[in-house]
Amino acid sequence: MAIAYVLISSALGSDETIIKELEKIPEVKEVQAIYGVYDIIAKVQSDDVKHLKHAVTDKIRRMNGVRATNTLIVVEGQGSK
């Protein structure tokens with residue numbers, strides 16, 4: 001199972017719209033608005049890394065209002081549970 005956390009910087013005033021669109025993507029398992037350098041964090045999960053990369057590159061990064069992303073891919077087999 002491939003998992004990534006995507007930190008998203010959004011255009012001013014577009015947070016709610018982006019969150020609603022992210023919730024429609026099957027690979028997005030969780031999404032939250034956050035404070036700090038980034039505006040939104042999304043947990044993306046897929047059966048394989050290739051499909052995960054497709055979800056991030058072709059679905060999330062191309063959304064209207066997304067200015068920048070930082071994708072953190074989880075190392076399998078390390079960490080809790």
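Quick one: P(r) of the chain from all Cα-Cα pairs, 10 Å bins, percents rounded to integers, in order of increasing distance.
Reading upward from the zero bin: 19, 55, 22, 3.
Between LYS53 and VAL75, how high is the FRET efficiency from 1/(1 + (r/R0)^6) when r is the Cβ-Cβ distance and R₀ = 22 Å? Nearest 0.05.
Once rounded, the FRET efficiency stands at 0.90.
With a 10 Å cut-off between alpha carbons and a GNM built on the chain, which of GLY65, GLY36, GLY13 moves the most?
GLY36
With θ set to phi - 60° and the Karplus curve 6.51 cos²θ - 1.76 cosθ + 1.60, what are the ³J(HN,Hα) couplings of the range 2-18 in order, to the nearest whole Hz, using x for Gly and Pro?
Taking θ as phi minus 60°, the curve returns 9, 10, 9, 10, 10, 8, 10, 9, 10, 5, 3, x, 9, 4, 4, 5, 5 Hz for the range 2-18.
How high is the relative contact order of the chain, in percent, counting Cα pairs under 8 Å that sit 6 or more residues apart?
Dividing the mean separation by the residue count of the chain yields 45 percent.
Quick check: pseudo-label points 7 Å beyond the Cα along Cα→Cβ at MET1 and ARG61, how many nm apart are they?
2.5 nm
Taken together, the values in this text are just the output of simple stated rules run on the coordinates, not laboratory data. The structure presented is a predicted model; accordingly, all values stated were derived computationally and were not measured. Backbone-built Cβ (ideal geometry, glycine too); neighbour counts: all protein chains shown.
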